[in-house]
Amino acid sequence: VGVILRSEVYTGDLVQGQTKTVDHRQVKADAEEWTVVRDTHEAIISREQFAAVQEILNQTASRAKTREVKAYTPNLLKGKVFCAHCGGSLHRQRNIRKKSDDVYFYHCLSRSRISKDACPGVTIREDALLDMLADMLRDALDTALGQYTLSLAELPRQAADRAELREKITSRRQEVQRLRGIVRSLYENLVQGVLTKDEYFDYKEKYESRIADLAVEMEQLEDGLRTMDAQTEQHRALEQDAAQIKTDRALTGALIERLIDRIEVSHDKQITVRYRFQSEFETYAEVLEQCRNM
Ligand SMILES: [Zn+2]
């Protein structure tokens, strides 16, 4: 159809010389080089109509060009969206819309790239996915903040926990000093002939291994103190994130990066999310439990 619409022949004119031979090859000639003989046969459309059609065609072509350069929107979920069935990462695809904003989709490519049986297939619109994520994040943050609350009522308990950990560290440090003193006196006993060489090495090994154990425990307790600081800090940051999501549902790339580890989408558009803060809180809880039992 494009060729017919651009062809001057239908105005009743004969056009020749549209191609020419250059270096033994047929190439298109510029319009100025064409030979046009007017009114050689009956016209199907008038010259005015023909000119109008050319104008429309040129406008459409230039509009198509400006559409092409419309920039991609930022990829907020980059590297985080996966297929719940085959585990493949979902491909982000843009569908260009003429009269509205472009629409972005996430697709699983396994059916086309591997085989029809590789996956039942997953497709979801990005805006729908982001909308669901905003709701899910809001609920998950509420739950996490409620569960691990560091509210004012919890502060005395936290202070007591801290004091207990510091006390445990101090008592171990003192024990290490006491044992080092014993090891030194063992050597004096060896020199004075109170201990045999075998006895000396037996005792020395026993005390030194106890010192090494205490050093490991002290390191774990220090770790517990650092974890408590990190938990307080994390809690504060999550409270801010939760407030931001509640006032402005739009998720930013930074917010998603901080809170979400992995998103899985199924054939029937069920979403499963692995949150970063969940595993962090679980680790904190483990470390602190360990310290309390020491
Ligand atoms: Zn898949």
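The values are calculated or read from the model by the stated rules, or taken from the named source; none is laboratory data. Keep in mind the model is a prediction, meaning the values are calculated, not measured. Don't worry about glycine lacking a Cβ; one is built from the backbone with ideal geometry, like all the others, and counts go over all protein chains shown. With ligands, DNA and RNA removed, areas are computed over all heavy atoms of the protein, side chains included. Shrake-Rupley method; radii C 1.70, N 1.55, O 1.52, S 1.80 Å.
Table: residues versus (1) assigned by TED's automatic domain parsing to the domain that holds residue 274; (2) open to solvent by 80 Å² or more (accessible area, probe 1.4 Å).
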{"residue": "30", "(1), (2)": "no, yes"}
{"residue": "34", "(1), (2)": "no, no"}
{"residue": "46", "(1), (2)": "no, no"}
{"residue": "83", "(1), (2)": "yes, no"}
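Of the residues screened, residue 94 is one that is farther than 12 Å from residue 271 by Cβ and either more than 16 Å from the ligand (Cβ to nearest atom) or not assigned by TED's automatic domain parsing to the domain that holds residue 258 (or both). What tally of residues in segment 176-208 results from selecting those that are farther than 30 Å from residue 159 by Cα, within 57 Å of the chain's Cα centre (by Cα) and open to solvent by less than 60 Å² (accessible area, probe 1.4 Å)? Within segment 176-208, residues that are farther than 30 Å from residue 159 by Cα, within 57 Å of the chain's Cα centre (by Cα) and open to solvent by less than 60 Å² (accessible area, probe 1.4 Å) number 6.
Limited to segment 92-121, what total is found for residues that are of a type outside the set (Lys, Arg) and open to solvent by 80 Å² or more (accessible area, probe 1.4 Å)? Adding up the residues that qualify gives 4. On the stretch given as segment 58-79, residues that are at pLDDT 80 or above and of a type in the set (A, V, I, L, M) total 3. When residues in segment 1-27 are screened for being open to solvent by 100 Å² or more (accessible area, probe 1.4 Å) and in contact (Cβ under 8 Å) with a residue 24 or more places away in the chain, 1 of them pass. In segment 198-209, is there at least one residue being closer than 22 Å to residue 229 by Cα and of a type in the set (S, T, N, Q)? No, every residue in segment 198-209 fails to be closer than 22 Å to residue 229 by Cα and of a type in the set (S, T, N, Q).
Given the criteria away from the ligand (no atom under 16 Å from the Cβ), assigned to a helix (DSSP H, G or I) and exposed (fewer than 14 other Cβ atoms within 10 Å of the Cβ), does residue 161 qualify?
Values: away from the ligand (no atom under 16 Å from the Cβ): yes; assigned to a helix (DSSP H, G or I): yes; exposed (fewer than 14 other Cβ atoms within 10 Å of the Cβ): no.
Answer is no for this residue.
The set of residues from segment 240-282 being open to solvent by 80 Å² or more (accessible area, probe 1.4 Å), of a type in the set (Asp, Glu) and closer than 29 Å to residue 109 by Cβ comprises 257, 268.
Conditions tested, residue by residue: (1) closer than 26 Å to residue 292 by Cα; (2) in a helix (DSSP H, G or I); (3) out of contact with any strand residue (DSSP E or B) (no Cβ under 8 Å at 6 or more places or on another chain); (4) not acidic (Asp, Glu).
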{"residue": "194", "(1), (2), (3), (4)": "no, no, yes, yes"}
{"residue": "198", "(1), (2), (3), (4)": "no, yes, yes, no"}
{"residue": "201", "(1), (2), (3), (4)": "no, yes, yes, yes"}
{"residue": "209", "(1), (2), (3), (4)": "yes, yes, yes, yes"}
{"residue": "214", "(1), (2), (3), (4)": "yes, yes, yes, yes"}
{"residue": "218", "(1), (2), (3), (4)": "yes, yes, yes, yes"}
{"residue": "222", "(1), (2), (3), (4)": "yes, yes, yes, no"}
{"residue": "229", "(1), (2), (3), (4)": "yes, yes, yes, no"}
{"residue": "234", "(1), (2), (3), (4)": "yes, yes, yes, yes"}
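If you go through segment 238-255, how many residues are over 20 Å from residue 77 (Cβ atoms) and not in a helix (DSSP H, G or I)? Final tally of qualifying residues: 0. Pairs are defined by a Cβ separation below 7 Å, a sequence spacing of at least 6 or placement on different chains, a first member in segment 108-127 that is more than 23 Å from residue 96 (Cβ to Cβ), and a second member that is near the ligand (Cβ under 9 Å from one of its atoms) and open to solvent by 80 Å² or more (accessible area, probe 1.4 Å); the pairs so defined are 118/111; 119/85; 119/111; 120/85; 120/267.
If the condition is being part of a helix (DSSP H, G or I) and modelled with pLDDT of 85 or more, then segment 261-285 contributes only 276.
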